[in-house]
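Student: I have a structure I would like to understand better, so I am pasting it below and will then ask my questions one at a time.
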Amino acid sequence: MREKNIPPLLAQEEVSKILNISSQKLEEAYWKGIIKNYQKHNLEAIQFRKGLGSMESGTMVVNGETIQVIRGFPKIRRTLMLKPTLKKHFLKEVAVEEKMNGYNVRITQIDNDIIAFTRGGYICPYTTRKAKEILDLDDFFQENPEMVICGEMVGTLNPYVSHYYREVGKLGFRIFDLREKQTNTPLPMKEKRDLLEEHDLEPVRLLGIFPVDEAPEKIIEIVKDLGANNREGVVMKDPMMQLEPLKYTSSQAQASELEYALSYPFDLAQAFLFSRIIREGFQAYEMAESTDELSKRALRMGESILYPMLETIRGVENGELAAEDLVIEVKNQNEAEEFIRHLRDLKVMATLVEIKDGKAVIRRIHQSTNDKVKNYLHGGLY
Ligand code: ATP
Ligand code: MG
């Protein structure tokens with residue numbers, strides 16, 4: 001009698017109706033692990049670990065006073081070549097927003113409580129706490145209870161993607177989309193920015209709205225400039241938000257991702273390496289650089305691959321652990337431990353190093369890199 005084990009929420013007729021997915025399909029997906037029961041922080045929900053039907057991965061079905069669907073944030077595809085792709089993809093105009101380098105957060109109100117979901121539909125205790133600290137959202141949700149605020153948590157006191165922005169410093173939140181809960185429909189660019197301004201909420205930077213045929217040239221200049229300032233890149237959007245957005249990133253962003261991945265070669269490099277190299281190949285081609293610029297790019301790429309790996313090998317040889325330290329702000333030991341438990345739920349191996357001056361240092365260990373590098377240093381065969 002397997003049926004007995006289906007979570008009660010999933011068994012409700014209403015859920016199948018709202019999602020437009022048959023009960024049988026939902027049940028199958030449950031047994032396959034595509035959707036999971038999620039019961040944390042006083043919330044009873046179904047979490048979509050992968051996409052199903054028209055539901056994106058990261059979608060959450062929450063059993064509140066009513067059943068609510070918080071849709072996953074849609075994947076943004078990438079252009080390798082701006083000129084042909086923009087022409088093919090957009091109609092008249094392209095709005096260019098800065099792409100901020102942090103982690104994706106959806107904030108919404110459920111039964112008068114403000115909740116922050118990370119990409120996969122997890123409730124991160126640190127993110128939820130900080131979102132409430134940083135943002136004053138009561139009025140916004142009072143007036144727009146059916147809205148989901150989609151934005152990037154950025155800054156250095158950031159446990160997932162730590163990146164320094166002069167205008168942000170330790171931790172900040174920049175909003176890029178306002179979407180409707182159930183349907184995931186985004187507000188058009190102008191409505192979004194007006195509504196955010198009205199509520200004193202900070203959007204990502206809008207770098208320009210260009211006619212399609214002028215856009216590639218402008219974007220190349222913008223992205224070069226962003227890169228030179230150690231910033232990630234752009235997301236290009238239809239001003240009416242009726243077409244899928246596209247993303248494009250700077251050579252420096254590629255390099256810093258390579259640098260990170262190659263610091264832990266046997267944990268991260270394989271998933272990172274190929275796609276970053278391909279991006280550089282097409283960008284170098286399209287930007288038709290001078291010999292001097294091209295050799296700078298080649299050097300940047302090569303250095304970001306070789307040096308971090310070398311440093312890790314040397315470190316392991318000297319008895320150091322291949323690990324990265326995450327720093328978060330905490331008021332007490334309990335908050336630090338709660339966050340570590342959350343990481344363990346995500347299958348991330350982490351330990352608390354210390355708490356000092358309101359900051360917890362959490363060590364994330366990259367075990368395969370440790371083990372393999374040690375093995376090769378002791379003569380193991382590759
Ligand atoms: P995914 O596309 O699945 O999120 P990814 O790690 O490849 O995974 P990125 O390459 O960082 O994601 O690009 C997409 C992400 O960029 C969005 O999910 C969002 O968090 C972030 N982002 C930053 N700035 C913007 C912006 N202005 N508009 C839309 N998304 C933005
Ligand atoms: Mg990102």
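Student: Quick test of your reading of the structure: E97 fulfils all but one of (1) within 16 Å of ligand 2 (Cβ to nearest atom); (2) of a type in the set (D, E); (3) more than 19 Å from the chain's Cα centre (by Cα). Name the failing condition by number.
Tutor: Unmet for E97, out of (1) within 16 Å of ligand 2 (Cβ to nearest atom); (2) of a type in the set (D, E); (3) more than 19 Å from the chain's Cα centre (by Cα): (3).
Student: Of all residues in the range 119-138, which are assigned to a loop (DSSP other than H, G, I, E, B) and of a type in the set (A, V, I, L, M, F, W, C)? Before the answer, list the steps.
Tutor: Filtering the range 119-138 for residues assigned to a loop (DSSP other than H, G, I, E, B) gives 119-122, 124, 135-137.
If the condition is that a residue be assigned to a loop (DSSP other than H, G, I, E, B) and of a type in the set (A, V, I, L, M, F, W, C), then C124, L135, L137 are the ones that fit.
Student: Just to be sure I understand, how many residues within the range 331-382 are among the hydroxyl-bearing types (S, T, Y) and within 15 Å of P159 (Cα to Cα)?
Tutor: Quick first cut of the range 331-382, residues among the hydroxyl-bearing types (S, T, Y) only: 351, 368-369, 376, 382.
Subset that is within 15 Å of P159 (Cα to Cα): 351.
The number of residues fulfilling the criteria is 1.
Yes or no, residue by residue, for (1) within 13 Å of ligand 1 (Cβ to nearest atom); (2) in contact with an Asp or Glu (Cβ under 9 Å, 6 or more places away or on another chain):
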| site | (1), (2) |
| --- | --- |
| V96 | yes, no |
| K132 | no, no |
| F141 | no, no |
| C150 | yes, yes |
| P159 | no, no |
| R179 | yes, no |
| M189 | yes, yes |
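Student: Mind checking whether some residue in the range 124-134 is within 16 Å of ligand 2 (Cβ to nearest atom) and either over 12 Å from the mean Cα position of the chain (by Cα) or not aliphatic (A, V, I, L, M) (or both)? Before you say what the answer is, go through the steps one by one.
Tutor: Here is the first cut: in the range 124-134, the residues within 16 Å of ligand 2 (Cβ to nearest atom) are 124, 127.
Retained after the next criterion (residues that are either over 12 Å from the mean Cα position of the chain (by Cα) or not aliphatic (A, V, I, L, M) (or both)): 124, 127.
Yes, that holds for at least one residue.
This table checks each residue for (1) among the hydroxyl-bearing types (S, T, Y); (2) at pLDDT 95 or above; (3) within 27 Å of R276 (Cβ to Cβ); (4) under 16 Å from the mean Cα position of the chain (by Cα).
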{"site": "L157", "(1), (2), (3), (4)": "no, yes, yes, yes"}
{"site": "T183", "(1), (2), (3), (4)": "yes, yes, no, no"}
{"site": "V212", "(1), (2), (3), (4)": "no, yes, no, no"}
{"site": "S250", "(1), (2), (3), (4)": "yes, yes, yes, no"}
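Student: OK, next. Can you work out which of the residues in the range 223-262 that are assigned to a helix (DSSP H, G or I) and within 13 Å of ligand 1 (Cβ to nearest atom) is farthest from I305 (Cα to Cα)?
Tutor: Among them, the one singled out is L226.
Student: Please list, ordered by residue number, the helices (runs of 4 or more DSSP H) wholly in the range 1-90 having 3 or more residues that are surrounded by 17 or more Cβ atoms within 10 Å (Cβ to Cβ).
Tutor: On the way: elements: 8-11, 13-19, 23-32, 82-89.
In the range 1-90, 13-19, 23-32, 82-89 are the helices (runs of 4 or more DSSP H) which contain 3 or more residues that are surrounded by 17 or more Cβ atoms within 10 Å (Cβ to Cβ).
Student: Taking the stated definitions as given, is A116 in the same structural domain as N230 (by TED's automatic domain parsing), under 17 Å from the mean Cα position of the chain (by Cα) and within 15 Å of ligand 1 (Cβ to nearest atom)? Reasoning before the result, please.
Tutor: Values: in the same structural domain as N230 (by TED's automatic domain parsing): yes; under 17 Å from the mean Cα position of the chain (by Cα): yes; within 15 Å of ligand 1 (Cβ to nearest atom): yes.
Against the criterion (in the same structural domain as N230 (by TED's automatic domain parsing), under 17 Å from the mean Cα position of the chain (by Cα) and within 15 Å of ligand 1 (Cβ to nearest atom)), A116 qualifies.
Student: So R205 passes all but one of these: (1) at positive phi; (2) in contact with a strand residue (DSSP E or B) (Cβ under 8 Å, 6 or more places away or on another chain). Which condition number does it fail?
Tutor: Among (1) at positive phi; (2) in contact with a strand residue (DSSP E or B) (Cβ under 8 Å, 6 or more places away or on another chain), R205 violates only (1).
Student: Okay, next question. Among the residues in the range 72-89, are any farther than 30 Å from G281 by Cα and either within 13 Å of ligand 1 (Cβ to nearest atom) or outside the structural domain of T156 (by TED's automatic domain parsing) (or both)?
Tutor: First, pick out the residues of the range 72-89 that are farther than 30 Å from G281 by Cα: 72.
If we keep only those that are either within 13 Å of ligand 1 (Cβ to nearest atom) or outside the structural domain of T156 (by TED's automatic domain parsing) (or both) too, we end up with 72.
Yes, that holds for at least one residue.
Student: Cβ-Cβ under 6 Å, sequence separation 6+ or interchain: first residue in the range 90-103 and assigned by TED's automatic domain parsing to the domain that holds F176, partner near ligand 1 (Cβ under 7 Å from one of its atoms) and part of a loop (DSSP other than H, G, I, E, B). Which pairs?
Tutor: Every condition considered, the pairs that remain are E97/V204; E98/V204; M100/V204.
Student: Under 29 Å from L171 (Cα atoms), surrounded by fewer than 22 Cβ atoms within 10 Å (Cβ to Cβ) and not assigned by TED's automatic domain parsing to the domain that holds E13: is that true of K132 in this structure? So that I can check it myself, show each step before the final result.
Tutor: Values: under 29 Å from L171 (Cα atoms): yes; surrounded by fewer than 22 Cβ atoms within 10 Å (Cβ to Cβ): yes; not assigned by TED's automatic domain parsing to the domain that holds E13: yes.
It is true that K132 is under 29 Å from L171 (Cα atoms), surrounded by fewer than 22 Cβ atoms within 10 Å (Cβ to Cβ) and not assigned by TED's automatic domain parsing to the domain that holds E13.
Student: Could you check the range 151-184 and list, in sequence order, the residues that are of a type in the set (K, R) and within 16 Å of ligand 2 (Cβ to nearest atom)?
Tutor: Of everything in the range 151-184, just one residue is of a type in the set (K, R) and within 16 Å of ligand 2 (Cβ to nearest atom), namely R174.
Student: Moving on. Identify, please: which residue in the range 139-182 is assigned to a loop (DSSP other than H, G, I, E, B) and among the basic types (K, R) and is, among those, farthest from N230 (Cα to Cα)? Steps first, answer last, please.
Tutor: So the first thing to find is which residues in the range 139-182 are assigned to a loop (DSSP other than H, G, I, E, B), and the list is 144-146, 156-162, 164-171, 181-182.
Remaining after also requiring among the basic types (K, R): 166, 170, 181.
Working: R166: 11, K170: 16, K181: 34 Å.
For the range 139-182, the residue satisfying everything is K181.
Student: Being charged (D, E, K, R), modelled with pLDDT of 95 or more, farther than 25 Å from P84 by Cα and out of contact with any helix residue (DSSP H, G or I) (no Cβ under 7 Å at 6 or more places or on another chain) narrows it down to one of E259, E244, E303, so name that one. I'd like the intermediate steps shown before the answer.
Tutor: Numbers: E259 fails: out of contact with any helix residue (DSSP H, G or I) (no Cβ under 7 Å at 6 or more places or on another chain); E244 fails: farther than 25 Å from P84 by Cα.
Of the residues listed, the single one that is charged (D, E, K, R), modelled with pLDDT of 95 or more, farther than 25 Å from P84 by Cα and out of contact with any helix residue (DSSP H, G or I) (no Cβ under 7 Å at 6 or more places or on another chain) is E303.
The values are calculated or read from the model by the stated rules, or taken from the named source; none is laboratory data. No experiment lies behind these values; they were computed from the predicted model shown. Here the Cβ is made from the backbone with ideal geometry for all residues, glycine too, and neighbour counts use every protein chain on show.
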